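The block underneath contains the structure these notes are about, expressed in structure tokens.
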Amino acid sequence: MCGRFLLVSPVELIRRAFVVAGPAPNLAARWNVAPTTACLVLRRGDDGATAFATLRWGLVPSWARDMSGAARMINARGETVAGKPAFREALRRRRCLVPADGFYEWPEEGEDRRPVLFRRADRAPFAFAGIWEAWRGPDGTTAETFAIVNTEARGAMRRFHHRVPIVLDGEARAAWLDPAADPTPFVAGPAFEDLEATRVGTHVNSVRNDDPRCIEPATDAPPPPTPARPARATKPPGDRQGSLF
């Protein structure tokens, strides 16, 4: 799953890293990108070149009556994306890359539920596999939205969450953007062994906080383990007083 990420690299660095053509939108650094907000994405233009776009996070199918379901469709499962009515046409025709410098996960199990930040060791930006859609409202306005494709976590990542966003690298990026290419080989997703995990503080928990404090390593101690409940004592046979000795 991916519910928050960060993108703080300058747009010109993104342009060079992903070989993007055309003008770039003027977007500020984001330390805590949350669903339903406008995000920088990369998609194929009419001329076949990779171009910048600004889309809202939370896919709204073209046939939806309104945009109320956008917050629920921020992710698409790689195993089922090709068959879901809300996603299958976007997977076939409208794939995109979502650049990021890292993403956050909140552990599902264990005593320490503080958020974890995942980044490349060299701190270079990478790209999630995404799909996008255009929705036209009753008044004729058009809203372009996207979802991030995720898959089952593998390796060390499973310690923190059972789902992870699919990260595309190298030649896979160009193939993902090509509508003539089969997306099936990519939706299984790569392993995440090359991403560093850093436990960060709870500042990032609030979507209202969007500043460098979101990525600061946690300095407080993890919460103490919950003491195990003692087994309930049973009355010895024949002990009418209920004595526990």
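The values are calculated or read from the model by the stated rules, or taken from the named source; none is laboratory data. Bear in mind that the values here come from a model prediction, so they are computed numbers and not experimental data. When we count neighbours, we look across all protein chains shown, and the Cβ atoms used for this are built from the backbone with ideal geometry, even at glycine.
When 123, 173, 158 are checked against the criterion of being at positive phi and charged (D, E, K, R), a single residue qualifies: 123. The residue pairs whose first member lies in region 198-209 and is in contact (Cβ under 8 Å) with a residue 24 or more places away in the chain and assigned to a loop (DSSP other than H, G, I, E, B), whose second member is buried (at least 16 other Cβ atoms within 10 Å of the Cβ) and not acidic (Asp, Glu), and whose beta carbons are closer than 7 Å, counting only pairs six or more residues apart or on different chains, are 201/218; 207/32; 207/34; 209/32; 209/203.
For region 145-177, taking the residues that are touching a residue at least 40 places away in the same chain (Cβ under 8 Å) and exposed (fewer than 15 other Cβ atoms within 10 Å of the Cβ), the one that is nearest to residue 124 (Cα to Cα) is identified as 169. Checked against (1) crowded, with 23+ Cβ neighbours inside 10 Å; (2) within 21 Å of residue 158 (Cα to Cα), residue 113 passes all but a single condition, namely (1). Yes or no: region 1-15 includes at least one residue that is within 14 Å of residue 124 (Cα to Cα) and of a type in the set (D, E, K, R). Within region 1-15, one or more residues are within 14 Å of residue 124 (Cα to Cα) and of a type in the set (D, E, K, R).
For residue 41, are the conditions met, namely being aliphatic (A, V, I, L, M), touching a helix residue (DSSP H, G or I) at 6+ places or on another chain (Cβ under 9 Å) and either surrounded by fewer than 22 Cβ atoms within 10 Å (Cβ to Cβ) or not in a helix (DSSP H, G or I) (or both)? In short, no. Answer yes if at least one residue in region 108-130 is out of contact with any helix residue (DSSP H, G or I) (no Cβ under 7 Å at 6 or more places or on another chain), among the aromatic types (Phe, Trp, Tyr) and over 25 Å from residue 14 (Cβ atoms), and no otherwise. Looking through region 108-130, none of the residues is out of contact with any helix residue (DSSP H, G or I) (no Cβ under 7 Å at 6 or more places or on another chain), among the aromatic types (Phe, Trp, Tyr) and over 25 Å from residue 14 (Cβ atoms). Scanning region 178-197 for residues that are modelled with pLDDT of 85 or more, surrounded by fewer than 20 Cβ atoms within 10 Å (Cβ to Cβ) and not in a strand (DSSP E or B) yields a total of 8. Filtered by the rule that a residue be touching a Cys at 6+ places or on another chain (Cβ under 9 Å), closer than 20 Å to residue 119 by Cβ and among the basic types (Lys, Arg), region 1-58 gives 4, 30. Inspection of region 53-62 identifies no residue that is surrounded by 14 or more Cβ atoms within 10 Å (Cβ to Cβ), without any contact (Cβ under 8 Å) to a residue 40 or more places away in the chain and not in a loop (DSSP other than H, G, I, E, B). Just one of the listed residues (82, 76) is small (Gly, Ala, Ser), touching a Lys or Arg at 6+ places or on another chain (Cβ under 9 Å) and part of a strand (DSSP E or B), and it is 76. Put simply, of 88, 94, 114 the only residue that is modelled with pLDDT of 95 or more and more than 16 Å from the chain's Cα centre (by Cα) is 94.
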